[in-house]
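The values are calculated or read from the model by the stated rules, or taken from the named source; none is laboratory data. Note that the structure is a prediction, hence the values are computed from the model and not measured. Glycine also receives a Cβ, built like all others from the backbone with ideal geometry; neighbour counts cover every protein chain displayed.
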Amino acid sequence: MQTSIIAAAIATTLLNGAAFAQQTPTVSEPVLRGHLAFLADDLLEGRGTGQRGGDLAVRYLETQAAIIGLKPMPSGGYRQSVKFEGSKLLPDSSVTFRTGTTRIMPIAGKDIVFGTGSGKASLSFDAPLLFVGYGVKAEEENWDDYKDADVKGKILVMMVNDPQPTADEPNRFAGKAYTYYGRWLYKFEEAVRRGAAGALLIHTTPSASYPWSVPANGFSHERFHLKGPGNQVEGWLHEDMARELFLSAGFDLDVLRAQAERRDFKPVDLKVSTHVTLRSTIRQVEQFNVVGIVPGTDPKLKQQAVVYSAHWDHMGIDEGAKDGRDHIYNGAVDNASGTAALLAMAAEAVKRPARRSQVFLWPAAEEQGLLGSAAYVADPVFPLDRTAADLNLDSMNFVGVTRDIGVAGAERSSLYETSAQVARKMGLKLAPTIPDLSGAYFRADHFNFAKAGIPAFNVGSAVFSGDGHFEFAHDHAAESAKMVGFKKDYHQVTDEYRASWDLSGMVQQAQFTLNLGYAVANAPTMPTWKKGMKLGGAAAAKR
């Protein structure tokens, strides 16, 4: 009986989807699978920024864009230049802490990960440590962890995430959800703005929403920054090392954490002297976003555009790997899946243009801090005030078809209501809105559009949040477990393509995104933000 009910539900979903597909192009599973298998192949060496594999990915994407029939940018090509600086830490670098007669030398990779954003190949300096709680200043929350403290020339030690809700203030900083103030990007940027010597973040898996292996892997590779001021030193402390360090200076880490949950918290001088020796290779790198256009059909509305985005990069190849270990970070789910889906979507979109223009954007260097999308927003093909929305795909559903679709972040704008209408026409429902405990909204390329005032969100699957809470249509328990299991593969060499994958859920997600894009592209008016919407630490919405 249960089997027949499931079969009937799937049949209904497919029937409704087929009816809706008559109005919009239909995404091809074989096309999507073919692109995914190639992009995640060892041949592309993990599509690393500044590496040969990244160059190959760009060449493949621009070639496919031309084959599909996407129009190039007004400049005449599909490549948009993104220039940044690469830094790779050398083995003779070190950080040493001194408190009283005690000297602590953390082991790189195990106790600490660090690098520089200064652009300097050689640095050697001493600086005191200052604990600044969450390192947040938020006027709208009446919160200031700095209290006008002079932080110049000091290394700031901060907690990850943002101040937690209390019984008296259950909604402060979005309650249990992450805000942009909780992100490592904001904290490093705030240290730069205040003229600090650098910043070290205390890692815990719950507060960061990912294990120590993620920053450890990130800092073991070459890191990239858009040109501009940067921290002399920045990185992460393992919680065990932070606890030992604080204790050696006469402080209890947990006591200071508790104090940092209060508005009256003031920065604490840890009485620790730090000697930093940094040796890095520094190079200037040019990478490329890939951009293709489907011009609109309406004489007026074609001057406006809907953007679909999916970053093409991953972590590349670890050239220092030894002993025959796998050294290619293929990034099949993250984000060959989204890259391939956009190609499959674009191949159909050119066959049936919408009233507004459609821009297919493959940003570079997302893994380096959303750098490619930041560059696009700074120099868009369509002016920002004529960009209706950005619909982003990142780490898609590789498990199986679902009865619902994730639209976390859409509730911030009128895109939520449009999403609900599109879902109903496809025989789907929207997945329930849950607190954003991992800061997912601030971790993908759409956020740069949102900061610029454009309604945007990541059209999600349970992969991105890692919690597997979506409703799978076939065997929910087993398929949800597969989704949750991706956590162990996230930013690891094990994120590899498997021919056995059921891509029906990925096709479903791509089709929904394309259908939503058409709904926006054909609507008489552009989407708008909800009143009172907050991004937290980012520019206020313009629409």
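General remarks:
- Whenever a residue of the stretch 478-496 is at positive phi, its partners that are assigned to a loop (DSSP other than H, G, I, E, B), lying with C-beta atoms within less than 9 angstrom and at least six residues away or across chains, give the pairs H491/Y210; H491/M315; H491/G331.
- Residues of the stretch 398-422 classified as surrounded by fewer than 21 Cβ atoms within 10 Å (Cβ to Cβ) and of a type outside the set (S, T, Y), total: 7
- With respect to being assigned to a helix (DSSP H, G or I), at pLDDT below 95, in the same structural domain as L514 (by TED's automatic domain parsing) and farther than 30 Å from L253 by Cα, E367 fits the description.
- Residue count for the stretch 163-188, restricted to those that are surrounded by 18 or more Cβ atoms within 10 Å (Cβ to Cβ) and either without any contact (Cβ under 8 Å) to a residue 40 or more places away in the chain or part of a helix (DSSP H, G or I) (or both): 10.
- When A347 is tested against (1) part of a helix (DSSP H, G or I); (2) of a type outside the set (V, I, T); (3) buried (at least 24 other Cβ atoms within 10 Å of the Cβ), just one condition goes unmet, and that condition is (3).
- Members of the stretch 370-397 that are assigned to a loop (DSSP other than H, G, I, E, B), surrounded by fewer than 24 Cβ atoms within 10 Å (Cβ to Cβ) and within 18 Å of the chain's Cα centre (by Cα): L370
- Selected residue [touching a Lys or Arg at 6+ places or on another chain (Cβ under 9 Å), among the small types (G, A, S), in the same structural domain as P455 (by TED's automatic domain parsing) and under 26 Å from F188 (Cβ atoms)] from G331, G372: G331
- You will find that of E85, E62, the residue that is within 27 Å of S337 (Cβ to Cβ) and surrounded by fewer than 22 Cβ atoms within 10 Å (Cβ to Cβ) is E62 and no other.
- Scanning the stretch 94-108 for residues that are surrounded by fewer than 19 Cβ atoms within 10 Å (Cβ to Cβ) and either among the hydroxyl-bearing types (S, T, Y) or at pLDDT 95 or above (or both) gives S94, T96, R98, T101, T102, R103, I104, M105, I107, A108.
- Note on the stretch 355-364: residues that are crowded, with 24+ Cβ neighbours inside 10 Å and not in a strand (DSSP E or B) total 3.
- First in the stretch 232-245 and without any contact (Cβ under 8 Å) to a residue 60 or more places away in the chain, second anywhere and assigned to a strand (DSSP E or B) and not hydrophobic (A, V, I, L, M, F, W, C), Cβ under 7 Å, 6 or more apart: E239/H203
- Qualifying residue in the stretch 103-114 (condition: of a type in the set (A, V, I, L, M, F, W, C), touching a residue at least 12 places away in the same chain (Cβ under 8 Å) and not in a strand (DSSP E or B)): no
- Pairs are defined by a Cβ separation below 9 Å, a sequence spacing of at least 6 or placement on different chains, a first member in the stretch 406-435 that is assigned by TED's automatic domain parsing to the domain that holds I454 and in a strand (DSSP E or B), and a second member that is acidic (D, E) and surrounded by fewer than 20 Cβ atoms within 10 Å (Cβ to Cβ); the pairs so defined are K429/D404; K429/E471; L430/D404.
- Candidate set: the stretch 214-233, residues that are over 17 Å from the mean Cα position of the chain (by Cα) and of a type in the set (S, T, N, Q); chosen: the one surrounded by the most Cβ atoms within 10 Å (Cβ to Cβ): N231
- Taken over the stretch 484-535, the criterion of being in contact with an Asp or Glu (Cβ under 8 Å, 6 or more places away or on another chain) and modelled with pLDDT under 85 is satisfied by V484, K534.
- Residues that are buried (at least 18 other Cβ atoms within 10 Å of the Cβ) and over 26 Å from T101 (Cβ atoms), drawn from the stretch 258-284: A260, F265, S280
- Flag if A197 is small (G, A, S), assigned by TED's automatic domain parsing to the domain that holds V272 and over 19 Å from the mean Cα position of the chain (by Cα): yes
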